[in-house]
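> One structure is given below, represented as structure tokens, and several questions about it will come after.
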Amino acid sequence: MRKPTPSTFLKAAVLTLLPATAAVAEPMQEWRCSVDSLIPAQAALRAEWSRKCGLTTNLNPAGPGSWFSSSKAFDTNFDWAKEYKEFNTNRAWTGNLHQYNVNYYHAFSMYDNTPMYTVAAEPGGVTAGYFKWSHSTSRVRTLYPSFENSPVAGSGTQLFPHPTLANCNLYTDTTGTNVWTSNFYVIAYCESSCYTPEQRILFSGGEQNILDAMKQGREDIVTLSPDATLDNLQLTEGKVYSYTTETRDSEHVIYSVRTASGGELKVTNEHPVVTSEGVLVQAQTLQAGDELLRQDGTPDAVVSVEKSSHFGKVYNLKPMARDQVSNILVAQGYLVGSARFQNDDVDYMNRVLLFRGVPEDALPR
């Protein structure tokens, strides 16, 4: 049997930008993203638009020559990458966590891994002459910025670009009618969700499809116990912190994973699932012969993986608990990751499920 390779998983909903107030802001960020939901093609255009607006309207000094050296990426000669920083932080198209660095936020939105590198200055268009960052691995779902007239998510008015991205204005409506002329801030970087609406999640009274659970406001989610291990997969009842979805129907890539027992799991391509080795992988990496891990700890061999499309909304949830083990849920009888998982969580989970109790100096590096 092929052993799947752990892969990067970015949580499907919101990238928090305000670490000091993350616990308070996160639900409002998710709500802002759901109101401002975009399909992947639109998200890519939004990311390009925000970079263009930051470069052409908010640099001091202005122009392509205003770059500085950034240690967050390299150029093709292995020197530091060329970066631009927004000047007016009260009217910025990028986030505050990384000092309003335009190329960093654009590259983080578009590409999956680091290190990034500088590509040649752009040859044409309104950003001609500006340096840009790139990477060989594109995100399956591009991240995109969402805006508000307050730096704290949910405390002000949500703002939107013109629907055709015709200018760098922001508006209080999605039709581009009522222009906003005062301060604005990026309050979230958004991404879509993971489950199709018919997928059944384990709650305290049994399985229920995620759409009905969201409509009912169910909180009694079942997760792995915080001290669960691969040899002792204890389940416990927790609380749901939030549900996520979109306001618009859109096209999603869905992987239907069928197993030898007759089970089936339908999730988006990046959704994290747990294999029989206790490894957390993306659904898109699975092949026939791999084994999923059932909620009772038994392996179930994958017999087929079919790629299809789903037009509509997809859904996800986050448990109240923030430790990584308690963010393993049960979907269709299989162990899967919640919406909380970020890049470093994948590596952490691989250790916790397989190596609990092993001395730190014996762990793989």
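> Taking neighbour Cβ counts within 10 Å as the exposure measure, how do 87, 147 sort from fewest upward?
87, 147
> Then there is this: Given the Cα-Cα distance of residue 89 and residue 177 and 0.36 nm per residue of separation, how much length would full extension add, in nm?
That pair, residue 89 and residue 177, stretches by 29.2 nm at full extension.
> Here are some pairs, 72/132; 239/313; 215/313; 266/313; which of them have Cα atoms lying more than 21 Å apart in this structure?
Over 21 Å apart, Cα to Cα: 239/313.
> What does the highest-first list of 150-160, 210-220 look like by mean Cβ count within 10 Å? List each step's numbers first, then the result.
Values: 150-160: 17.6, 210-220: 15.7.
For the peptides 150-160, 210-220, the packing ranking is 150-160, 210-220.
> Students often forget the sequence filter, so: which aspartates and glutamates lie under 16 Å Cα-Cα from residue 52 once same-chain residues fewer than 8 apart are removed?
83, 86, 122
> Something else about it: In whole Å, largest first, what are the principal axis extents of the Cα atoms in the stretch 24-141?
42, 31, 29
> Then there's this: So how do 142, 229 line up by other beta-carbon neighbours within 10 Å, fewest first?
Ordered by Cβ neighbours within 10 Å, fewest first: 229, 142.
> Using label points projected 7 Å from each Cα along Cα→Cβ, tell me how many nm separate residue 308 and residue 60, to one decimal.
5.6
> What are the residues whose amide H is under 5 Å from the amide H of residue 187, where those residues sit 5 or more places off or on another chain and H is modelled from the backbone?
146, 147, 148
> Could you line up 53, 168 from fewest to most neighbouring Cβ atoms inside 10 Å? Kindly include the intermediate steps, with their values, before the conclusion.
Details: 53 23, 168 18.
Result, fewest neighbours first: 168, 53.
Each value in this text was obtained by applying a stated rule to the coordinates, not by laboratory testing. Not measured: the values here are computed from a predicted model. Positions of Cβ are generated from backbone atoms using ideal geometry, with glycine treated the same way; all protein chains shown enter the neighbour counts.
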